[in-house]
Amino acid sequence: MKCNKVYTVCYDTLDVFNTKKEASNFYRTCYYMSEGAEHERYASILIDLQEQNIGMDNVSDSCNKISIKTKEGYENFIKIDLGEYISIPDTIKFYEDIVNPILEISEEYEIKYNNKIPFEAFGSDIDYNMISFSEFYKEVLDKLNYKINTIKTDDLSDGKYNLVVNDTELKVCAWDKIEDVIENVQTLLTLSKQEDLEM
């Protein structure tokens, strides 16, 4: 694992915690409040966490969601719907390669994805007293080793903007969620790979 996180898999969801203690406390509470098959699920995770940084329930073999524990509060998670079932190793790789770098830059910009308008303080390149979407995406893409030749953000309408990276146009807005940022980044990375193959 590339990042210093603790992973658990329960009910087809990859849960990402900051520490083993945080994960163990969460599932210990679940364990004491459950019974039967559910009780066994949580017990399986707790046993795994005694020995390693990955805890698995006794049923899930893939994931269709990621739930990331924030530092803001005990019940505060950022939830990502993957839209399909992905193997557990591939889900962890996706988190480490794409999601975590985005979240690290987002934290620097104090973006809170659980808010209704996460990008409320963001605007176009010429908006006065606002952070440009170009700045944010440039830092994210730099972290992912994406080569940027040009990047700019223009106004479209209230809260909606046109982000142009190299020759690719993307629609971004003040109420974009984490899934929207991930989709934009994946679009750029996919196009970049296709261009490399064509050369």
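The values are calculated or read from the model by the stated rules, or taken from the named source; none is laboratory data. Source: prediction; values computed, not measured. Cβ coordinates were reconstructed from backbone atoms using ideal geometry, including for glycine residues, and neighbour counts include every protein chain displayed.
So, Val185, is that one surrounded by 18 or more Cβ atoms within 10 Å (Cβ to Cβ), touching a strand residue (DSSP E or B) at 6+ places or on another chain (Cβ under 7 Å) and of a type in the set (Val, Ile, Thr) or not? Answer is no for this residue.
The set of residues in region 34-49 that are loosely packed, with under 14 Cβ neighbours inside 10 Å and either within 24 Å of Lys71 (Cβ to Cβ) or of a type in the set (D, E, K, R) (or both) contains only Glu35.
In region 178-191, the residues that are closer than 19 Å to Ser67 by Cα form Cβ pairs under 7 Å with partners that are among the aliphatic types (A, V, I, L, M) and at pLDDT below 95, at six or more places apart or across chains, as follows: Ile178/Ile78. Only residues that are among the charged types (D, E, K, R) and surrounded by 16 or more Cβ atoms within 10 Å (Cβ to Cβ) were counted in region 82-110, giving 1. You will find that of Asp48, Asp15, the residue that is of a type in the set (D, E, K, R) and in a strand (DSSP E or B) is Asp15 and no other.
Kindly indicate which of Asp167, Asp142 is within 13 Å of Ile102 (Cα to Cα) and loosely packed, with under 15 Cβ neighbours inside 10 Å. Testing whether each residue is within 13 Å of Ile102 (Cα to Cα) and loosely packed, with under 15 Cβ neighbours inside 10 Å leaves just Asp142.
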